[in-house]
Amino acid sequence: MGCAGFTCSKHSLCALNILYVMVSLLMIGIAAWGKWFGLVSSFQVVGGIIGVGVFLFFVALTGLIGAMKHHQVLLFFYMIILFMVFIVQFSVSSACLAINREQQDHLLEVGWNNSKSTQRDVEKSLNCCGFKHVDPNSTCDAACFSNNFCSPCADQIQEHAGDILRFVGGIGLFFSFTEILGVWLTYRYRNQKDPRANPSAFL
């Protein structure tokens, strides 16, 4: 029974970390693809996504190596890091789901004003100019600008922002629960004795 429990915990932890590795590689790949094909020109956005992907990859790799070798130190650090990631992700996901329309509008405007490259990406993809009003003296990458038939971007952004926030919040909440599952599995697995090792050894 002890051997079966040990093997089950090991395989579950390995499977969870392989999932995290795949998600991290997907994040890095999508960000690089978006930058390569010019869908996203903001280096900060691409760099941020790739940074999160690389961080997740190394955390997952730590958990995977720790699970495969039943390495106490690696499993301990993995458990602590995963728990901290859970707290941050759960808080952010809850905030995304709880944000009201007024706060949403304010955050969108702040984000718009802080990044010129993001403004260009949005104007190009949504075919709009400016946030709340169109300035004919400014430059705009949207196709409609040359025809003087552009509408502000705020309405179009706000139309989809609520759905996006709910989607991101829901996905984040789902992954935060897989993280707390990972913490519990790591704690359980770490305190189990390896049946192949010396039965009198402390693990």
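The values are calculated or read from the model by the stated rules, or taken from the named source; none is laboratory data. The model shown is predicted, which means the values in this text are computed figures rather than measured ones. All Cβ positions, even for glycine, are placed from backbone atoms using ideal geometry, and neighbour counts span all protein chains on display. SASA here: full protein model, heavy atoms, side chains in, ligands and nucleic acids out. Shrake-Rupley method; radii C 1.70, N 1.55, O 1.52, S 1.80 Å.
Axis of helix 72-98 versus longest Cα principal axis of the chain: the two differ by about 30°, to the nearest ten degrees. Annotation: aspartates and glutamates with alpha-carbon distance below 18 angstrom to LYS124 (same-chain offsets under eight excluded): GLU109, ASP135, ASP141, ASP155, GLU159. Compute the angle between helix 43-69 and the longest alpha-carbon principal axis of the chain, please, reported from 0 to 90 degrees and rounded to the nearest 10. Orientation of helix 43-69: about 10 degrees from the principal axis. Only one residue of MET84, PHE149, VAL110 has its Cα farthest out toward the positive end of the dipole of the chain, where Lys and Arg carry +1 and Asp and Glu -1 on Cβ, and that residue is MET84.
Largest first and in whole Å, the equivalent-ellipsoid semi-axes of segment 1-191 read 43, 17, 12, each the square root of five times a Cα gyration tensor eigenvalue.
From the helices alone, meaning DSSP H stretches of at least four residues, give me the mean residue ellipticity at 222 nm for the chain, per-run term -39500 (n - 2.57), in deg cm²/dmol to the nearest 500. Display every interim value, and only then the final one.
Numbers: 6 runs with 151 residues, N = 203.
Calculated at 222 nm, the ellipticity per residue is -26500 deg cm²/dmol.
Run the numbers for PHE76 and PHE55: contour at 0.36 nm per residue of separation, minus the present Cα-Cα distance, in nm. Mind dumping the intermediate values first?
Details: separation 21, 0.36 × 21 = 7.56 nm, distance 1.73 nm.
Answer, rounded to one decimal: 5.8 nm.
The HN-Hα couplings worked out from phi for segment 14-31 by the Karplus form 6.51 cos²θ - 1.76 cosθ + 1.60 (θ = phi - 60°) are 5, 4, 4, 6, 5, 4, 5, 4, 5, 5, 5, 5, 5, 4, 5, x, 5, 5 Hz, whole numbers, x standing for Gly and Pro. For the chain, the solvent-accessible area with a 1.4 angstrom probe is 62 square angstrom per residue. Any chance you could give the angle, 0 to 90 degrees and rounded to 10, that helix 116-126 forms with the longest Cα principal axis of the chain? Value to nearest ten degrees: 80.
With every protein chain in place and a 1.4 angstrom probe, the accessible-area ranking of LEU126, LEU97, largest first, reads LEU97, LEU126. Residues whose amide H lies under 5 Å from that of CYS129, counting only those 5 or more places away or on a different chain, are SER151, CYS153; hydrogens are built 1.01 Å from N in the peptide plane. Split the accessible area of segment 1-191 by element, probe 1.4 Å, and carbon with sulfur accounts for 70%. Here the dipole of segment 1-191 is about 920 debye; that uses its Cα centre as origin and unit charges on the Cβ of Lys and Arg (positive) and Asp and Glu (negative).
Label sites at ALA95 and PHE177, each approximated as a point 7 angstrom past Cα along Cα to Cβ, lie 2.2 nm apart.
Across ILE65, ILE30, the residue with the most accessible area heads the list, and the full order at a 1.4 Å probe is ILE30, ILE65.
Rounded to the nearest Å, what's the spacing between the alpha carbon centres of segment 79-107 and segment 154-171? Just the number, please. Here the answer is 14 Å between Cα centres.
The alpha-carbon of LYS69 sits under 29 angstrom from the alpha-carbons of these lysines, leaving out residues fewer than 8 places away in its chain: LYS10, LYS193.
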